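To start, the structure itself, in structure tokens.
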Amino acid sequence: MSTVKVITGNHAASFGARDSRAEVIAAYPITPQTQIVELLSEFCADGTLKAKFIKVESEHSAMAACIGASAAGVRAYTATSAHGLALMHEMLHWAANGRHPVVMANVNRAMGPPWSIWTDQNDSLAQRDTGWLQFYCESNQEVYDTTMIAFKACEQVLLPGMLVLDAFILSHTYEPVEMPDQELIDEFLPPFDPPYKMDLDDARAFGALTTPEWYMELRYLIQEAHEKALVTVREVEKEFGETFGRYYGTLELYRCDDAEEVILIAGSTASTAKDAVDIMRKGGRKIGLARIKLFRPFPNEEIRDIASRVNKMIVIDRNVSFGNQGIFFNEIKASLYSAKNRPPVYGFVAGLGGRDMKIDDITGIVEQADTCDIEEILWWGVKL
Amino acid sequence: MSEAKFRGAHDLPPCSISVTHELTKTGNWRNSKPVFHKEKCIQCGICWKVCPNACIKLGEYPEWDMDYCKGCAVCAEECPKDAIEMEDERVMV
Ligand code: SF4
Ligand code: SF4
């Protein structure tokens, strides 16, 4: 029997890890993530979850412990946010390069200074090149579901995965979340069984020195695994959809069938933007929305496909790469360079540090894109 | 392990596990080698545990795989009974 609980996005992540039967959880608290591991530590303490909870002195150690567990053939999970994620940076490379499919929730929080606890995407996007899969979630249900989708996909391709949820807008907001029957989940997500693990009877050094003669080949294997991951994630999403009735996809299209222009966006702001699309459609604009669920690997083909069907693309970035532009904006344009049809792409930086993104902001951005210059880097709503 | 087994990326394991062992013979790096004095050994297994290259096998007594022993002397340093002694292997020319 499935159950429905009204819970926060943070607790949706905890329940997702519980129902994925994580076996080792190593974590360090940081706002606004703390509730995720708080509830998991309760599950471990009261025996609801048969897992080892390792308290550590930093996020760097949390990831190191998860890597150790994963190398020993155990399903490992952690959660962090912003500065915690930044402190993990070295170990993020280690997890991916060592091919340890650790799964982690990252609550998107703006980087300081100035200190901020509110949402934006610069923390996770700064980890773009570490080799992690990145899943951007729109709802608490999606956070729960994506935890097991991530474990399943990551364990197949032997890469770690980060699921990302917005600070407060998801992390501390209550929504109903349906949790399927554990038996069905167990069928969907069998125990972790890696091809190589630490084994006392066959002792080997993990991650040890490799000369220039072979380093590049190991990197090539990671690139291949990422290319495979794009297919694997789609297959796993499809299987999840068939089993549990919810399907997200890697680039979710909303009202795009006859759209002449499309908004590209990631995270919970996509929900607001969908409402804005409905309103603009009533006003006669043939507009749709493409939500970037999977950022790494990047769904290049799907981006090119939607580009081939519209006259204009509007990218809303809750992040910025200083000295250049919005990060999704940049990535999307890179996808399109080899496309036959390249509509004009407008990029807006908006909602940094948790500044509210309301329906009016989305419609305002779309209207401004009607008149602005494609070369401009547009900071929506910034006080000048 | 013959090196011919590895021709390209797809012959490798996904990470550098075993690559070290099968492709990088760290024994080439050695300046000095561990010499074992069996009569002093109490079979505690500490050397096996501390060797960073996992090149000590633990049978009844420790056994060294000199293809991979890089001569770091950690085993000799940690042995509680001084049963391992490092011997200079450098050849002067
Ligand atoms: S010298 Fe170093 S590498 Fe060689 S056996 Fe001892 S600990 Fe291992
Ligand atoms: S550490 Fe020394 S005493 Fe212990 S098993 Fe190794 S050689 Fe023997």
Looking at the square roots a ≥ b ≥ c of the eigenvalues of the Cα gyration tensor of the stretch A:220-349, which shape do they give, rounded for a/c under 1.5, prolate if a/b is larger than b/c, or oblate?
oblate
Using alpha-carbon pairs under 8 Å, 6+ residues apart, how would you state the relative contact order of the stretch A:251-379 in percent?
27
State the extension gain, in nm to one decimal, for the chain segment bounded by A:Asp356 and A:Lys228, taking 0.36 nm per residue of separation less the distance between their alpha-carbons.
42.4 nm
Per the Debye formula with a single identical scatterer at each Cα and no solvent contribution, what log10 I(q)/I(0) holds for the stretch A:117-188 at q = 0.18, 0.24, 0.25 Å⁻¹?
-0.80, -1.14, -1.17
Can you give the Rg/Rh ratio of the stretch B:16-93, where Rg is from the C-alpha atoms and Rh is the Kirkwood radius?
0.98
For the stretch A:212-281, which GluC sites (Glu not before Pro) pass both filters: DSSP loop (anything but H, G, I, E, B) and at most 14 other C-beta atoms within 10 Å?
A:Glu260
In whole Hz, the Karplus estimates of ³J(HN,Hα) for the stretch A:330-346 (6.51, -1.76, 1.60; θ = phi - 60°; x where Gly or Pro) are 4, 5, 5, 5, 5, 4, 7, 4, 8, 7, 5, 9, 10, x, x, 10, 10
With a/c under 1.5 counting as rounded, go ahead and sort the stretch A:36-168 into rounded, prolate or oblate using the C-alpha gyration tensor (a ≥ b ≥ c being the square roots of the eigenvalues; past the cut-off, prolate if a/b is larger than b/c, else oblate).
rounded
Within the stretch B:29-63, find all residues whose amide N lies under 13 Å from a label point positioned 7 Å from the Cα of B:Ala73 along Cα-to-beta-carbon.
B:31-35
Size of the stretch A:3-244 along its principal axes in angstrom, Cα-based, largest extent first?
53, 47, 34
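For peptide A:213-224, what's the mean number of Cβ atoms from other chains within 10 Å of each residue's Cβ?
Details: counts 3, 9, 2, 1, 8, 7, 1, 4, 6, 2, 1, 3.
Neighbouring Cβ atoms belonging to other protein chains average 4 per residue here.
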Could you work out, residue by residue across A:190-202, how many beta carbons of other chains sit within 10 Å of that residue's beta carbon, and then give the average as an integer?
1
Residue by residue through the stretch A:172-181, what is 3J(HN,Hα) from phi via Karplus (6.51 cos²θ - 1.76 cosθ + 1.60, θ = phi - 60°)? Round to whole Hz and write x for glycine and proline.
10, 9, 7, 9, x, 10, 8, 10, x, 4
Would you tell me the mean number of C-beta atoms belonging to other protein chains that fall within 10 Å of each C-beta in B:47-58, as a whole number?
2
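Can you compute the FRET efficiency between A:Asp278 and A:His93 using 1/(1 + (r/R0)^6), with r the Cβ-Cβ distance and R0 = 41 Å? Round to the nearest 0.05. Walk me through the numbers on the way to the answer.
Numbers: r = 42 Å, r/R0 = 1.03.
FRET efficiency, A:Asp278 to A:His93: 0.45.
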As I understand it, the value is the acute angle between the Cα axis of helix A:269-282 and the longest principal axis of the Cα atoms of chain A; what does it come to in degrees, rounded to 10?
30
Rounded to whole Å, give me the distance from the Cα center of the stretch A:322-357 to that of the stretch B:24-93.
57
So, in nm, how far is label B:Val93 from label A:Asp258 when the simple model puts each one 7 Å beyond its Cα toward the Cβ?
8.2
Surpassing 29 Å at the alpha-carbon level, of the pairs A:Lys52/A:Lys228; A:Lys52/B:Lys40; A:Lys5/A:Lys50; A:Lys312/A:Lys358, are A:Lys52/A:Lys228; A:Lys52/B:Lys40
How much length is gained if the chain between A:Ala334 and A:Asp199 is pulled fully straight, taking 0.36 nm per residue apart and subtracting their Cα-Cα distance, in nm to one decimal?
44.3 nm
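What is the ratio of the Cα radius of gyration of the protein assembly as shown to 2.2 N^0.38 Å, where N is its residue count, to two decimals?
Values: Rg = 25.7 Å, N = 477, 2.2 N^0.38 = 22.9 Å.
Normalised by 2.2 N^0.38 Å, the Cα Rg of the protein assembly as shown equals 1.12.
Counting other C-beta atoms within 10 Å, and keeping those with at most 12, which DSSP coil trypsin sites (Lys or Arg not before Pro) do you find in the stretch A:221-303?
Details: sites: A:Lys228, A:Arg234, A:Lys238, A:Arg246, A:Arg255, A:Lys274, A:Arg281, A:Lys282, A:Arg285, A:Lys286, A:Arg291, A:Lys293; in loops: A:Arg246, A:Arg255, A:Arg285, A:Lys286, A:Lys293.
Here no trypsin sites (Lys or Arg not before Pro) fit, given the DSSP loop and packing criteria.
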Only Lys, Arg (+1) and Asp, Glu (-1) charged, at Cβ; chain A dipole about Cα centre in debye:
480
Could you work out how far apart the two model spin labels at B:His10 and A:Lys55 are, taking each label as a point 7 Å from the Cα in the direction of the beta carbon, and quote it in nm?
5.0
So what are the radius of gyration and Dmax for the Cα set of the stretch A:91-222, in Å?
17.6, 53
The alpha-carbon center of the stretch A:177-252 and that of the stretch A:111-157 are separated, in whole Å, by 16
Helix A:359-371: angle to the longest alpha-carbon principal axis of chain A, degrees 0 to 90, nearest 10?
60
Using modelled backbone amide H atoms (1.01 Å from N, in-plane), which distant-in-sequence or interchain residues come within less than 5 Å of A:Ala105's amide H?
A:Thr78, A:Ala79, A:Thr80, A:Leu163
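Please work out how much length the chain gains when fully extended from A:Lys5 to A:Asn341, using 0.36 nm per residue of separation minus the C-alpha to C-alpha distance, in nm with one decimal.
Details: separation 336, 0.36 × 336 = 120.96 nm, distance 4.54 nm.
So the chain would gain 116.4 nm between A:Lys5 and A:Asn341.
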Which semi-axes, in whole Å and largest first, does the equivalent ellipsoid of the stretch A:274-384 have when worked out from the alpha carbon gyration tensor as the square roots of 5 times its eigenvalues?
21, 18, 14
For the stretch A:271-312: rounded, prolate or oblate by the Cα gyration tensor [a/c cutoff 1.5]:
oblate
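Every number here is computed from the coordinates shown, using simple stated rules; none is lab data. Not measured: the values here are computed from a predicted model. A quick note on method: Cβ atoms are made from the backbone with ideal geometry, for glycine too, and the neighbour counts reach across all protein chains shown.
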